[in-house]
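Q: Would you mind keeping the following structure in view while I ask a few things?
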Amino acid sequence: MADRMERFDVTIIGGGPAGLYAAFYGGLRDMSVKLIEAGSELGGRLRSYADKTVWDVGGVPPIRCARLIEQMIRQARTFEPTIVLGQRIAELERREDGTMTVVSASGERHHTRALILALGHGVPQPRRLEIEGAQRYEAANLHYAATADPGRLRGKTVLLSCCGSGNVSAVRIEELAALAARVVVVRGRADLQPSDRSRPTPSVEYRAPFVVERLHGDGNRIEAVTIARVDGEGDFAGERERMEVDEVLVDHGTRSEYGPIVRWGLEKTSWNFDADERLATRLPGVFVAGDAANYPSKLHLIAGAISDAAIAVNSAKRYLDPTAPKSAPMSTSSAKFADRNKALGL
Ligand SMILES: Cc1cc2nc3c(=O)[nH]c(=O)nc-3n(C[C@H](O)[C@H](O)[C@H](O)COP(=O)(O)OP(=O)(O)OC[C@H]3O[C@@H](n4cnc5c(N)ncnc54)[C@H](O)[C@@H]3O)c2cc1C
């Protein structure tokens, strides 16, 4: 596995608002910065409401969240941090000279002098189909909506097992109907079929209230599925149907997890990580910012994530150099921006 020998002053884990602003502010404080994001795109939770309008970020008039993400990414890139996508950080190692190494789930190693955890609620993981043996089909034709490759479903008979938010699944059904030859939607609640956002199409059939009861296959591929009718309590109500399918798609929502980071020895009296007023954790050189931070006046908003990020960067800077000023010069008086202002005609 790659061992990136370059050691950064600060490494930020998480590319949501806290991580993005920390990347900008770390550059402003003359630190070499690396940002590592588990997902394939930056933006964090904002991606889950990208089509909504945000009103409550200071100094930003009402803005489509997708546009806000673009602007935050642009600002984060100001001082050209190294940005790594698609790596979920799992382990932390520490050398005697204080260098820390964070290791991704896929074995990539990143060396750093200070660390900022901007993890939000963690990495979203699909809620699994709770049927014994289901996991062995994940390499073949059992897919989870959050990670499925739509190309695999083209022209196929697809069974979609969904529960949770009706609208999310309705959008998924419309997309599927345009792609697959036949879609059988299995829903645990009768009142969720079909919602006004999913217009009935000839290729979509509904079974509700039904749940997937059994997968039939040779251990490599699912060949058929038995679905069973359930009553209001979720208990089996007798009626069953077996159907042959090409692909099974599961959309049971997601659950965010910190994964192995919870074993690093960080203090955790709530669902997130305890921090002091400098956003320092109990681990030397490890700071926390954004929704991942727990302290008495914590603000679970984009504005709070931005403020945390600046505080965590200032603390990381002073951890590396106790003689450094408490905060960066303001941008209006910082020489760093003189040429940039000229280039922008400002
Ligand atoms: C539906 C909804 C609507 C909202 N509306 C508003 C609003 O209108 N205004 C407002 O101010 N706030 C709003 N919020 C809250 C706001 O989105 C959060 O406060 C903000 O996103 C927190 O930013 P963050 O950077 O701390 O975390 P996140 O945005 O959650 O980003 C964390 C990032 O860290 C990554 N990550 C986690 N663990 C790892 C790991 N081990 N390795 C690598 N990467 C990792 C994740 O993949 C994620 O991208 C809303 C939240 C939701 C859910």
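The values are calculated or read from the model by the stated rules, or taken from the named source; none is laboratory data. In this text, all values refer to a predicted model and were calculated from it rather than measured experimentally. Here the Cβ positions follow ideal geometry from the backbone for every residue, glycine too, while neighbour counts run over all protein chains shown.
Q: Given (1) within 16 Å of the ligand (Cβ to nearest atom); (2) outside any helix (DSSP H, G or I), where does MET243 come up short, assuming only one miss?
A: (1)
Q: Quickly run through segment 251-276 and pick out the residues that are part of a helix (DSSP H, G or I) and away from the ligand (no atom under 11 Å from the Cβ).
A: Across segment 251-276, the qualifying residue is only ARG263.
Q: Please verify whether ARG221 is at pLDDT 95 or above and basic (Lys, Arg), treating the condition exactly as stated.
A: Considered against the rule, which asks whether it is at pLDDT 95 or above and basic (Lys, Arg), ARG221 comes out as yes.
Q: If you go through segment 13-22 one residue at a time, do you hit one that is of a type in the set (A, V, I, L, M, F, W, C), closer than 18 Å to ILE306 by Cα, within 7 Å of the ligand (Cβ to nearest atom) and not in a strand (DSSP E or B)?
A: Yes, the conditions are met somewhere in segment 13-22.
Q: Only one of GLU130, GLU108, GLU70, GLU138 is surrounded by fewer than 17 Cβ atoms within 10 Å (Cβ to Cβ), modelled with pLDDT of 95 or more and among the acidic types (Asp, Glu); which?
A: The conditions single out GLU70.
Q: Residue by residue through segment 275-327, note down the ones that are at pLDDT below 95 and among the aliphatic types (A, V, I, L, M).
A: Passing the criteria: none in range.
Q: When the residues of segment 44-87 are filtered to those that are more than 11 Å from the ligand (Cβ to nearest atom) and assigned to a strand (DSSP E or B), which remaining residue is nearest to ASP30 (Cα to Cα)?
A: THR82
Q: Specify the residue that is surrounded by the fewest Cβ atoms within 10 Å (Cβ to Cβ); the eligible residues are those in segment 289-305 that are more than 9 Å from the ligand (Cβ to nearest atom) and not polar (S, T, N, Q).
A: PRO296
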